[in-house]
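Engineer: Starting off with a structure, shown below.
Nothing in this text is a laboratory measurement; each read-out follows from the coordinates by a stated rule. Computed from a predicted model, the values in this text were never measured in an experiment. Cβ atoms come from the backbone with ideal geometry, glycine included; neighbour counts cover every protein chain shown.
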Amino acid sequence: MSTKSPDVLAAPPNPLVAITLAEMHVRRWELKAVCNRCSTKLRVSLPAMIRTHGPDAIWWGQTPRCPGLECQGGVLRYAARALRGGSWVSLDAPPSELALTAYRTRCRAYREPR
Ligand SMILES: [Zn+2]
């Protein structure tokens, strides 16, 4: 049995690594959402999110309205983890300039023919 903690096996989510839904899905991150007002907790399906919002939607800094019918004005706070047992990292903060620059660099790398 390995004694390594999950955070050692896969680094916790970081906006320098993935900021869009597609990038998170490729890395098999798990997403959850919790309402800041009612007790709504959602396990988020990345394929469903990609169908709804598109693969290039940036999900750091997103706080959409809570879908709860009884909920008055709550917002969903998202968190991600890189693998089962790993640390949940809040997606509350929008990506920094540095993270956006890293993202643009990744995009160019994907598209440039080798
Ligand atoms: Zn709510």
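Engineer: Could you pull the Cα extents of segment 14-111 along its three principal axes, largest to smallest, in whole Å?
Structural biologist: 46, 27, 24
Engineer: Using +1 at the C-beta of Lys and Arg and -1 at the C-beta of Asp and Glu, which of Ser5, Val75, Pro64 has the Cα lying farthest in the positive direction of the dipole of segment 1-90?
Structural biologist: Farthest towards the positive end: Ser5.
Engineer: Still on this model: Taking amide hydrogens as modeled 1.01 Å from N in the peptide plane, which residues meet the under 5 Å criterion relative to Val44, leaving out close sequence neighbours?
Structural biologist: Leu31, Lys32, Ala33
Engineer: I'd like the GluC sites (Glu not before Pro) in segment 29-114 restricted to DSSP loop residues with at most 12 other Cβ atoms within 10 Å, sorted by number.
Structural biologist: Sparse-neighbourhood loop GluC sites (Glu not before Pro): Glu70.
Engineer: Nearest 20 debye, what's the magnitude of the dipole of the chain about its Cα centre given +1 on Lys and Arg Cβ and -1 on Asp and Glu Cβ? Write out the running numbers ahead of the final one.
Structural biologist: Values: 17 positive and 8 negative charges, 56 e Å.
With Lys and Arg at +1 and Asp and Glu at -1, about 260 debye.
Engineer: Let me ask you something else. Around Arg77, which amide H atoms from residues at least 5 apart in sequence, or from another chain, sit under 5 Å from its own amide H, with H modelled in the peptide plane?
Structural biologist: HN-HN under 5 Å from Arg77: Val34, Cys35, Asn36.
Engineer: What residues from segment 34-48 fall in the zone where the backbone N is under 20 Å from a label point 7 Å along the Cα-to-C-beta line of Ser87?
Structural biologist: Output list for this probe position: 34.
Engineer: Also, quick follow-up: Give the residue list of chymotrypsin sites (Phe, Trp or Tyr not before Pro) in segment 35-114 that are DSSP loop and have at most 16 other beta-carbon atoms within 10 angstrom.
Structural biologist: Sparse-neighbourhood loop chymotrypsin sites (Phe, Trp or Tyr not before Pro): Trp88.
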